[in-house]
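The values are calculated or read from the model by the stated rules, or taken from the named source; none is laboratory data. Here the structure is a predicted model, which is why all the values come from computation and not from measurement. Every residue, glycine among them, receives a Cβ derived from its backbone with ideal geometry; neighbour counts consider all protein chains shown.
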Amino acid sequence: MSVCGSVAEGAVCERLVAACVDAFGGIDVLVNNAGVVRDRTLFKMTEDEFDEVIAVHLRGSWACGKHAALAMREQGGGHIINVVSNSGLCGGFGQSNYAAAKAGMMGLLRTWVLELTRYGIRSNAFWPIAATDMTEVVFDRAAKAAAAQGEPAPTPAALGFGSPTEVAQGMVWLASDAAARFNGQCLTFNGRKTALWTHPGEVHEVFRDTPWSVAELTEHYADIAPEPLWQSRFVE
């Protein structure tokens, strides 16, 4: 069944969950997958373009998550899956709005693990790498680059993208009982490659009994190299 509307509106999110509970007697899994893109560099992005993407991805996930969690708590458990992106984990050129929203969805996930686990509600993230209308820009750029070199355009599979049907297998698995022991995880899947992302952790940790001065920090970090940035092959 379907409920029409935008998840940017809280009332729609509440109606979505209520419709599921009324029709099926409960809600076992919520997948926060609604999304839009309004790509533009920081210099050119408007407030409306920023707010629209944040409203759909981030506020929509929060509102759907809230109403689903209330229903799941009443029934004794459930599973919330946030669909995230490379942009939210590593940044994306021209995607300040989208990257901020997807990074925010990871923040929601980690907070929900703290708040909801006691009620039998698990929260995980799924980063799909699929050939869709939203990722068509990647293939267009790759085709232009190949043409400039006199080479044929690479296939989506050669660029590391699976078909929606192939990538859906990962979502079905994550939502199934086979993944019941997973909580607070981020799974990436392109149909052929699967991996889990680690949680950010501190490195080069040093604790002192006395406060650091600027001069002491300068000396301390003089021989410590900055941490490398993980970036997609498609970063411009």
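Quick notes on this one:
- Residue check, Ala19 surrounded by fewer than 20 Cβ atoms within 10 Å (Cβ to Cβ), over 13 Å from the mean Cα position of the chain (by Cα), at pLDDT 95 or above and small (Gly, Ala, Ser): yes
- Residues in region 194-202 include none that are outside any strand (DSSP E or B) and more than 28 Å from Thr111 (Cα to Cα).
- Residue within region 32-51 that is assigned to a helix (DSSP H, G or I), of a type outside the set (Ser, Thr, Tyr) and under 30 Å from Pro228 (Cβ atoms) present: yes
- Residue in region 184-196 that is of a type outside the set (D, E, K, R), out of contact with any Ser or Thr (no Cβ under 9 Å at 6 or more places or on another chain) and loosely packed, with under 15 Cβ neighbours inside 10 Å present: no
- Qualifying residue in region 147-159 (condition: assigned to a helix (DSSP H, G or I) and out of contact with any Asp or Glu (no Cβ under 7 Å at 6 or more places or on another chain)): yes
- Applying the condition of being surrounded by fewer than 22 Cβ atoms within 10 Å (Cβ to Cβ), modelled with pLDDT of 95 or more and hydrophobic (A, V, I, L, M, F, W, C) to region 36-55 and asking which residue is farthest from Thr188 (Cα to Cα) yields Phe43.
- Any hit, region 152-163, residues being at pLDDT 85 or above, closer than 30 Å to Arg181 by Cα, surrounded by 15 or more Cβ atoms within 10 Å (Cβ to Cβ) and among the small types (Gly, Ala, Ser): yes
- Test: Gly191 is touching a Phe, Trp or Tyr at 6+ places or on another chain (Cβ under 9 Å), of a type in the set (Gly, Ala, Ser), under 23 Å from Asp28 (Cα atoms) and in a loop (DSSP other than H, G, I, E, B): no
- Unique match (being in contact with an Asp or Glu (Cβ under 8 Å, 6 or more places away or on another chain) and outside any loop (DSSP other than H, G, I, E, B)) among Val113, Val167, Val137, Val172: Val137
- Every condition in (1) over 20 Å from Leu187 (Cα atoms); (2) among the hydrophobic types (A, V, I, L, M, F, W, C); (3) buried (at least 20 other Cβ atoms within 10 Å of the Cβ) holds for Ala142 except the one numbered (3).
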